[in-house]
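Reviewing the structure listed below.
The values are calculated or read from the model by the stated rules, or taken from the named source; none is laboratory data. Treat the numbers as computed from the prediction; the structure is a model and nothing was measured. A quick note on method: Cβ atoms are made from the backbone with ideal geometry, for glycine too, and the neighbour counts reach across all protein chains shown.
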Amino acid sequence: MSVTDLNATKDFIDSLEEAAFGYMTRHQAEHLREQDLFDRAVEHLQISMQTKLATAEKVVARAYGRLRSAETHRYLDVKNSTSQMAILVDDRTGKNYAVPISLIFNSLVNDNRRQQSH
């Protein structure tokens with residue numbers, strides 16, 4: 001892949017992120033649950049920009065992080081996190097927290113699925 005191709009791909013991804021960010025900014029007040037906003041933004045990219053699901057989810061995650069980062073002093077330290085451990089930072093207290101990804105799934109994702117099936 002040439003440098004020109006890489007730049008074009010980066011520009012396209014950046015455009016997708018801006019589209020997702022704009023969509024979520026416009027529609028965030030409509031959703032009671034954050035996951036609904038995320039899911040609708042992914043669907044928006046898939047339909048309006050013919051984006052594959054995996055790409056849309058990655059781009060929306062980046063845009064969602066930007067959307068919410070201005071609201072809080074707490075964030076995910078992406079640079080120091082791994083595929084198995086999320087490093088959370090609280091700038092006000094100066095503390096970092098290592099949270100196993102399995103705990104996140106067990107506490108949030110799996111519980112959410114059980115609640116939806118009832």
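Remark: pairs (first residue in the stretch 38-55, in contact (Cβ under 8 Å) with a residue 60 or more places away in the chain; second residue acidic (Asp, Glu) and assigned to a helix (DSSP H, G or I); Cβ separation under 9 Å; 6+ apart in sequence or on different chains) are absent.
Is the stretch 13-31 home to any residue that is closer than 21 Å to ILE104 by Cα, exposed (fewer than 12 other Cβ atoms within 10 Å of the Cβ) and not acidic (Asp, Glu)? Checked against the condition, which is being closer than 21 Å to ILE104 by Cα, exposed (fewer than 12 other Cβ atoms within 10 Å of the Cβ) and not acidic (Asp, Glu), the stretch 13-31 yields no hits at all.
Determine whether the stretch 2-11 contains at least one residue that is surrounded by 14 or more Cβ atoms within 10 Å (Cβ to Cβ), part of a helix (DSSP H, G or I), modelled with pLDDT under 95 and hydroxyl-bearing (Ser, Thr, Tyr). For the stretch 2-11, residues surrounded by 14 or more Cβ atoms within 10 Å (Cβ to Cβ), part of a helix (DSSP H, G or I), modelled with pLDDT under 95 and hydroxyl-bearing (Ser, Thr, Tyr): absent.
The rows are residues; the columns are (1) β-branched (Val, Ile, Thr); (2) closer than 24 Å to LEU88 by Cβ; (3) in the same structural domain as VAL89 (by TED's automatic domain parsing).
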| position | (1), (2), (3) |
| --- | --- |
| LEU16 | no, no, no |
| PHE21 | no, yes, no |
| ALA41 | no, yes, no |
| MET49 | no, no, no |
| ALA56 | no, no, no |
| VAL60 | yes, yes, no |
| ALA63 | no, yes, no |
| ARG66 | no, yes, no |
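Each residue in the stretch 59-97 was checked for being under 24 Å from ASP36 (Cα atoms) and either among the small types (Gly, Ala, Ser) or modelled with pLDDT of 95 or more (or both), and 8 pass. I'd like the residue in the stretch 73-88 that is surrounded by fewer than 13 Cβ atoms within 10 Å (Cβ to Cβ) and of a type outside the set (D, E, K, R) and, out of all such residues, is farthest from ASN106 (Cα to Cα). In this case the residue turns out to be HIS73.
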